Each structure stands twice: as C-alpha cells, then as structure tokens.
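Here's the structure we're looking at; comments come further down.
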Amino acid sequence: MKQPGEAMTGALDEHEAMWCDYSAMTHEELEGLVRDLRSDDKDRAMRARERIAAVRDREHLESLRARLEDEDAFVREAAAEPLIAMQGVQVIPELVQALNRGADQGHDNDTLASLVADLVTQDPAAAAPAIRALLADPEPRLRARGAWMAGFASGVIPTEILCHLLEDSDAGVRADAAGALSGHRSDPLIVEKLLAALRDPDEDVRASVASTLGYLGDIRALPYLERLRKDQSARVRKVAGHAYDQLQQAR
C-alpha cells in the first residue's frame, strides 16, 4: 500500500513514458521515478512503480538495494520487484530487513510478504540456505522470519527443525514455526509435536497450533481442540472452534 509522501514533480511526462524502455535507464531517470513513487497522485505513483518493476540494468542494483531501507513502504515494495527479478534468493536478507522495517512502522507488509513468499515457492532449494541462516540466527525476529519462510519450502527444510522451534525461547518464533508446519502435511510426527504445543503459555502460539491442526486434517486432534474451545483466550477459542469444525467435516 502506498504511503503518504510529499508531492513532487515526476521524472517524465506521460507521452515520454509511453516510448521509454524502462528495462534500461539512467540513474537520473530512476531517481525521478522514485520521486514519483512519493507523489500524492496515485496514478502517477503506480505508473512509476510499473516502470521500476521493469528495470533489469544491474548497474542500478546498489541504488535499488538502498531503497529497501527507505522509510516509505511503497518505495521498498517497488524496489523489491526488480531486485528479485535480477538477483533472486540472493536478496533475501535485505528483503527480510525490509519486512522488519515495515512491521516496526505498523504496516501489514502484505505486498512485500507476497513477493517473498512467491520467491521462496518458485525455488525452495535455492532459498534454503538463506532460510537456514535465518533459523539459526540469535535474533528472535529473524528466526521467526525464517520459520515463516520455511512454510513455503516444505520438502527442503526438514520438519525436525521446525518442530524443534516449537520449543524456542521466543513466542513469535514458536507461533511462526507452528504456522509453517501446515505446509508439511505428509509427516505424521508433526501432529504429536503440535498437540504437545497446545499447552504453550502464549495465546498466539496456541492459536497458531490450533489453526495448523485444523489444516492438517488429522482427527487425533479433535479431543484436544474440543478442550481448547474453552481456553481462557477468546481468540484461541475462536480459532480452536474453527479448527474443530474443519476436522469434524473431514471425518
């Protein structure tokens, strides 16, 4: 979602834009388009984003990487697209930092998160080293990002790693690990680990575990979810109830 910014004059007028090849442009043209991204004119900002998305000149890599640290979420999202197209999984560490910056600003990060998820899904084997590095990071928020990304790399990131993270010291990591396990439907041992995690003291973790159990479809979880429908947390009760209904329909 575009963020408010100071209205500025665009780099190129509409007639010029129609005939430009934006796969290659000068540094000045790129900077002009970045200014357009901050425009209060939404149409102008969207046109600038489309043109930046088409950039394929590796000469602009450094400039685009710097834009992932921009204070404007819309600028970060625009820079991510050509970077992913040109560098693929190599840019995962910078994308993760951009996601964290957005979270710090209170953004939902839907667009950027979708770009990252698609990147991992398209080539999970190539993304695996970066995900493993995140999972082993001492910073809890980075481990949580790694756990979330691992959900799009089932078959490449071993389930044992995610199951181990269900006992992480950080609740955010545990919650994301539980959610990621929904992508590992083929491993029956997962359900046992998740059932044990329903006793987690954190309500976000319990809710995430309950949601995954409903998605996995293993009816062994029914009595556990039945009890969780009486949880002290209203959110957990709601999620557990939905998961319970999912399993009832699967019987």
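Quick note: the coordinates plus some simple rules give every number you see, no bench work behind them. Quantities reported herein were computed from a predicted structural model and do not represent experimental measurements. Cβ: placed from backbone, ideal geometry, glycine included. Neighbour counts: every protein chain shown.
Things to note:
- Extension gain for the segment Lys238 to Asp123, taken as residue separation times 0.36 nm less the Cα-Cα distance, is 37.9 nm to one decimal.
- Solution diffusion estimate, µm²/s, Stokes-Einstein, the chain, Kirkwood Rh from C-alpha pairs, 37 °C, viscosity 0.692 mPa s: 165 µm²/s
- With R₀ set to 51 Å, the beta-carbon distance separating Glu192 from Gln105 gives a calculated FRET efficiency near 0.85.
- Potential lengthening of the chain between Asp40 and Glu59 amounts to 4.0 nm, from the contour at 0.36 nm per residue minus the alpha-carbon distance.
- Cα centroid separation - segment 24-40 against segment 98-174, whole Å: 31 Å
- Potential lengthening between Ala85 and Ala133 on full extension [0.36 nm per residue; Cα-Cα distance subtracted]: 15.1 nm
- Computed from backbone phi with θ = phi - 60° and the Karplus coefficients 6.51, -1.76 and 1.60, the 3J(HN,Hα) list for segment 156-163 is 10, 8, x, 4, 4, 5, 5, 5 Hz; x is used for glycine and proline.
- Between Tyr224, Pro129, Gly183, the Cα set farthest toward the positive side of the dipole of the chain (charges on each charged residue's Cβ, about the Cα centre) is that of Tyr224.
- Dipole-positive endmost among Gly32, Pro93, Ala243 within the chain (Cβ charges, Cα centre): Ala243
- Stokes-Einstein diffusion coefficient of segment 85-185, Kirkwood radius over Cα pairs, 4 °C, 1.567 mPa s, in µm²/s: 97 µm²/s
- Size check on segment 160-251: the Cα extents along the three principal axes, sorted descending, read 32, 31, 16 Å.
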